[in-house]
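Notes follow the structure.
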Amino acid sequence: MNKIVNNLKISYNDEGPDGAPVIVFIHGFPLNKSMWNKQVEALKVNYHVIAYDIRGHGNSDIGEEDFTIDLFVNDLLHLMSALKIEKAILCGLSMGGYIALNAIENFPERFEALILSDTNCIADSPEAKEKRMSAIENIKNNGVEKYAVESMKNLFAPESFKSKKEEIDAAWEMIVKTSTQSLYNTLHALSERKETCNKLSQIKVPVLIMVGSEDSITPPASASLMHEKIKGSFMQIIDHAGHLSNMENPVGFNDQLKKFVDSVCDKQLNNIHKINNQSEENLALNQESFKFQSGNQPDLNGQNQGKGYSDMDAAADLNAKILKITMTIMDQYPELSKYLEEMPVTIPNKKNPDITLNNLKTYYESLSLMLNKYKSEHPAIGI
Ligand code: MLT
């Protein structure tokens, strides 16, 4: 499908039921939306899934403007608006992750959760910039195929060249089909991108970070750095994979991806996250009910949270803790999943105006208690 966005044609796949939670996939460089085929296939049953070609890639037009990550973010926001998507879960790999990080930094209200795959938050070093400029020269002098041969060596883990023939061929096709002008423009945009590490602590939505165990472009250390900075984030290393972890190990990747989005979109958890996004009608009620007498505020982990720790921060902390425990249950103790349904109502409304952070705290505590009790009664099952 195509849509005219910012005066140019953007090509995208749109799958899954209308009204389901939306997941937008953003591809890496120099690839296109088809790198997400296996994720789209796996998620379209329960989710409204969009995978689009960044301008100049796949079947999207290149346009006239100089490429920048800001421009790519602008395209993303316009595409979402054109598709009437108010809020989405974003999943970006590498360059897609750079775009996702920039997008959430500047438009946090448009995103529900984030999956950062094989990416990083740092800007290019002078050496990295130099390499990008030499790549442009090489393409000019030796053609795109020579460039594709070199890129492929970095994109895939060595074992994938033997075991993932189909994916290797698909990635090759994607690279050689990208126009040289788009390669030049994108290499420039990547080299000029700004770091996003300093803003990671401000991310308030659930985040899953994934990285191929043998990713040599954005290695597990880059993922760990982001994981440390994003409070409450989850990190998973995908085995048997290099930089293109979703293509090299789709089973492992999809398994983590599904668990994460299922947890985020779980009906009850969704309620909790809405606290950070209250409607006009509920805002006043929430503000009222979030007012704590001093000494009445939840003391998370028994720590003194100190000055400047707002009720919204406390809600975000509790959300992260509840999400973590929910994922543990879904992952390791599925027999307890039925108890997740027993979430109390957590959004104040006219009928239930008395809901406070304490409700979140109570829910978190009852989940922990239930899990700990179960673990102690079933020591053989515990991991
Ligand atoms: C990508 O996969 O998008 C690229 O490796 C990103 C980069 O070169 O920085």
Identify the single condition in (1) closer than 18 Å to residue 25 by Cβ; (2) surrounded by 14 or more Cβ atoms within 10 Å (Cβ to Cβ); (3) of a type in the set (S, T, N, Q); (4) more than 13 Å from the ligand (Cβ to nearest atom) that residue 119 does not satisfy, given that it satisfies every other one.
-> (4)
Of all residues making up the stretch 77-95, the number that are within 16 Å of the ligand (Cβ to nearest atom) and either closer than 11 Å to residue 50 by Cβ or not in a helix (DSSP H, G or I) (or both) = 5
Has the stretch 42-50 got at least one residue that is surrounded by fewer than 18 Cβ atoms within 10 Å (Cβ to Cβ) and in contact with a helix residue (DSSP H, G or I) (Cβ under 6 Å, 6 or more places away or on another chain)?
-> no
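Within the stretch 123-148, how many residues are under 30 Å from the mean Cα position of the chain (by Cα), assigned to a helix (DSSP H, G or I) and loosely packed, with under 12 Cβ neighbours inside 10 Å? First the steps, then the outcome.
Kept after step one, since they are under 30 Å from the mean Cα position of the chain (by Cα), are these residues of the stretch 123-148: 123-133, 135-136, 147-148.
Cutting the leftovers down to assigned to a helix (DSSP H, G or I) gives us 126-133, 135-136, 147-148.
Retained after the next criterion (residues that are loosely packed, with under 12 Cβ neighbours inside 10 Å): 126-127.
Number satisfying all stated conditions: 2.
Just to be sure, is residue 233 touching a His at 6+ places or on another chain (Cβ under 9 Å) and of a type in the set (S, T, N, Q)? Lay out the reasoning, then the answer.
On the way: touching a His at 6+ places or on another chain (Cβ under 9 Å): yes; of a type in the set (S, T, N, Q): yes.
So residue 233 passes the test.
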Flagged pairs (Cβ under 7 angstrom, 6 or more apart or on separate chains; first in the stretch 85-107, assigned by TED's automatic domain parsing to the domain that holds residue 54; second among the acidic types (Asp, Glu) and buried (at least 24 other Cβ atoms within 10 Å of the Cβ)) are 93/118; 94/118
Matching residues in the stretch 124-137 (out of contact with any helix residue (DSSP H, G or I) (no Cβ under 6 Å at 6 or more places or on another chain) and either more than 10 Å from the ligand (Cβ to nearest atom) or outside the structural domain of residue 25 (by TED's automatic domain parsing) (or both)) number 7
Given the residues 171, 100, which is the only one that is within 12 Å of the ligand (Cβ to nearest atom), touching a strand residue (DSSP E or B) at 6+ places or on another chain (Cβ under 8 Å) and either over 20 Å from residue 226 (Cα atoms) or of a type outside the set (Val, Ile, Thr) (or both)?
-> 100
Take residue 209 and decide whether it is within 13 Å of the ligand (Cβ to nearest atom) and either closer than 16 Å to residue 69 by Cβ or of a type outside the set (Asp, Glu) (or both).
-> no
Filter the stretch 57-76 for residues that are within 16 Å of the ligand (Cβ to nearest atom), part of a loop (DSSP other than H, G, I, E, B) and in contact with a Lys or Arg (Cβ under 6 Å, 6 or more places away or on another chain) and give the result.
-> 58
Quick check: anything in the stretch 107-114 aliphatic (A, V, I, L, M), within 26 Å of residue 243 (Cα to Cα), away from the ligand (no atom under 15 Å from the Cβ) and buried (at least 23 other Cβ atoms within 10 Å of the Cβ)?
-> yes
Report, ordered by the first and then the second residue, all pairs with beta carbons closer than 7 Å, sequence separation of six or more or different chains, a first member in the stretch 6-21 that is acidic (Asp, Glu), and a second member that is in a loop (DSSP other than H, G, I, E, B).
-> 14/1; 15/44
Options 60, 81: the member that is of a type in the set (S, T, N, Q), crowded, with 24+ Cβ neighbours inside 10 Å, modelled with pLDDT of 95 or more and on the phi < 0 side of the Ramachandran plot = 60
Cβ pairs under 6 Å, 6+ apart or interchain, first in the stretch 208-235 and within 18 Å of residue 327 (Cβ to Cβ) and not assigned by TED's automatic domain parsing to the domain that holds residue 152, second within 12 Å of the ligand (Cβ to nearest atom) and small (Gly, Ala, Ser), ordered by first then second residue, are none
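Taking only the stretch 206-229 into account, find how many residues are crowded, with 23+ Cβ neighbours inside 10 Å and either out of contact with any Cys (no Cβ under 9 Å at 6 or more places or on another chain) or closer than 17 Å to residue 73 by Cβ (or both).
Of all residues in the stretch 206-229, those crowded, with 23+ Cβ neighbours inside 10 Å come to 206-212, 215, 218, 223, 226.
Adding the requirement that they be either out of contact with any Cys (no Cβ under 9 Å at 6 or more places or on another chain) or closer than 17 Å to residue 73 by Cβ (or both) leaves 206-207, 209-212, 215, 218, 223.
Matching residues across the stretch 206-229 total 9.
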Yes or no: residue 37 more than 14 Å from residue 110 (Cβ to Cβ) and more than 14 Å from the ligand (Cβ to nearest atom)?
-> yes
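In the stretch 240-264, what residues are aliphatic (A, V, I, L, M) and more than 16 Å from the ligand (Cβ to nearest atom)?
Listed by number, the residues that qualify are 251, 257, 261, 264.
The values are calculated or read from the model by the stated rules, or taken from the named source; none is laboratory data. All figures in this text were calculated on a predicted structure; none of them were measured in a lab. Cβ coordinates were reconstructed from backbone atoms using ideal geometry, including for glycine residues, and neighbour counts include every protein chain displayed.
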